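Read-outs throughout are calculated quantities, based only on the coordinates presented, and are distinct from any laboratory measurement. Keep in mind it's a predicted model, so treat the numbers as computed, not measured. So basically every Cβ, Gly included, is an ideal-geometry build from the backbone, and we count neighbours across all protein chains shown.
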Amino acid sequence: MAGMAPFTSKREGRLWVSALAVLVGIYASAAAAGSLVEVLRDERLLGIGFAAAFVIVIAAVFGIALSRAPRASEIWVGLGVAAVYGMIVVRMGVSPIERTHLFEYGLLAAIVYAALAERQRNGGRVPAPAAITVAATALAGWIDEGLQARLPDRVYDLRDVGVNALAALVATAASVLLARLRQRAPSGEPRRPGDPGAR
């Protein structure tokens with residue numbers, strides 16, 4: 001029956017599958033994260049690796065939230081997100097492994113928010129997509145730490161739980177802001193195909 005379908009659209013289904021794939025990847029790589037960081041450091045590729053991960057997260061937030069080329073205001077949002085991530089790394093003294101949490105859970109949050117927003121847009125009951133996204137992603141990060149506590153070379157760290165939640169908050173806030181900017185065409189500028197509400 002159509003009413004029994006778990007997703008409101010094919011796009012929502014794809015987004016949930018993507019979120020699950022990212023989450024499985026995060027959990028599966030928990031044991032190897034430290035070794036990977038060491039290999040990249042030894043090969044002098046640590047900075048490049050983090051830069052690439054950073055670009056992927058920003059691109060994901062933009063790619064999911066926007067359906068076409070960004071406006072100037074939306075580009076400023078991207079630069080703001082980049083600045084916030086940079087401040088977190090510098091001010092909090094985030095370690096290389098903790099930086100991977102920023103990227104992993106930022107990406108996960110962007111996808112989860114997009115899936116929930118898509119469901120709400122199609123008439124599904126989602127009371128607060130942003131709050132649910134942050135809470136669900138933070139919970140996933142807490143479970144991640146619990147799994148790491150069982151690994152011989154990893155420990156349970158509440159600081160990491162906080163970093164995961166902060167990454168989710170930043171990515172979700174950026175997604176919400178981009179969505180709102182996209183809903184408001186600048187004064188005098190007609191809505192274009194791909195904009196919410198465009199005909």
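Quick one: Leu166, Leu116, Leu108, fewest Cβ neighbours within 10 Å first, how do they rank? Before the final figure, lay out the partial values.
On the way: Leu166 22, Leu116 25, Leu108 28.
Exposure proxy ranking, most exposed first: Leu166, Leu116, Leu108.
Once the chain from Leu20 to Arg150 is taken as fully extended at 0.36 nm per residue, the excess over their C-alpha distance is 44.6 nm.
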